[in-house]
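Let me begin by presenting the structure, written as structure tokens, before commenting on it.
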Amino acid sequence: MKAAIPCYCHLEAEIDPQRVEQVRRILAAHLRHWGLGALVEPVSRCAGVLLDAIEAHATDKHTVVEMWWNGKHLITAVSDNERDLPRPHYGPQGYLAQIAALSDGWGNYPATNGKIIWFSHRARSADGALLAPAPPAPSLRPGCLVPRELPLTASAAPV
């Protein structure tokens, strides 16, 4: 994997079945160029799932795919011009469930002209160990108590 040299890729396309595979190949080429060959398969699969959903359900097939690499995390965002998530996105076999299973994190938010769905992958070494630390797990241990207020002594003079 490459050191922390920030990288960015922006790709706009009109999606059809052949274009989905072409976009996946373009993303894979960028990842290999950035030295992130280990992330080609999961990123290609996640992007393919989202692009297939756009191809199957969106009325406007124009989409934007962006990737950011900051040295620890790769974030990929796919945006389209449809406001709502189609029904197949929900449920245990839905598109979002597949993204959750294939990535380290994901989310979606409304854009000015549609929605953006993003997913992230943490960097891994050649043996598959995470290079970026995982967020801390919640603890069952009691937290720190707030210090008690000390009573003012009678000898304190007013200011």
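The values are calculated or read from the model by the stated rules, or taken from the named source; none is laboratory data. Note that the structure is a prediction, hence the values are computed from the model and not measured. Because the Cβ atoms are built from the backbone with ideal geometry, glycine has one as well, and the counts that use them run over all protein chains shown. Calculation scope for accessible area: heavy atoms of the full protein, side chains included, ligands and nucleic acids excluded. Shrake-Rupley method; radii C 1.70, N 1.55, O 1.52, S 1.80 Å.
Quick notes
- Identity of the residue in region 51-81, of a type in the set (S, T, N, Q) and not in a strand (DSSP E or B), that ends up nearest to A101 (Cα to Cα): N70
- Flag if W118 is modelled with pLDDT of 90 or more and over 22 Å from R19 (Cα atoms): no
- Single residue of region 2-33 satisfying the filter (in a loop (DSSP other than H, G, I, E, B) and surrounded by fewer than 18 Cβ atoms within 10 Å (Cβ to Cβ)) that is farthest from the chain's Cα centre (by Cα): D16
- Filtering region 41-50 for residues that are closer than 14 Å to W69 by Cα and in a helix (DSSP H, G or I) leaves a non-empty set.
- Enumeration of residues in region 34-52 that are within 21 Å of E82 (Cα to Cα) and open to solvent by less than 10 Å² (accessible area, probe 1.4 Å): C46, A47, G48, L50, L51
- Identity of the residue in region 99-115, over 12 Å from the mean Cα position of the chain (by Cα) and in contact (Cβ under 8 Å) with a residue 24 or more places away in the chain, that ends up farthest from A77 (Cα to Cα): N113
- Index of the failed condition, E12 passing every other in (1) touching a Ser or Thr at 6+ places or on another chain (Cβ under 7 Å); (2) modelled with pLDDT of 90 or more: (1)
- Of residues in region 54-94 being over 22 Å from C9 (Cβ atoms) and buried (at least 16 other Cβ atoms within 10 Å of the Cβ), the one modelled with the highest pLDDT: E82
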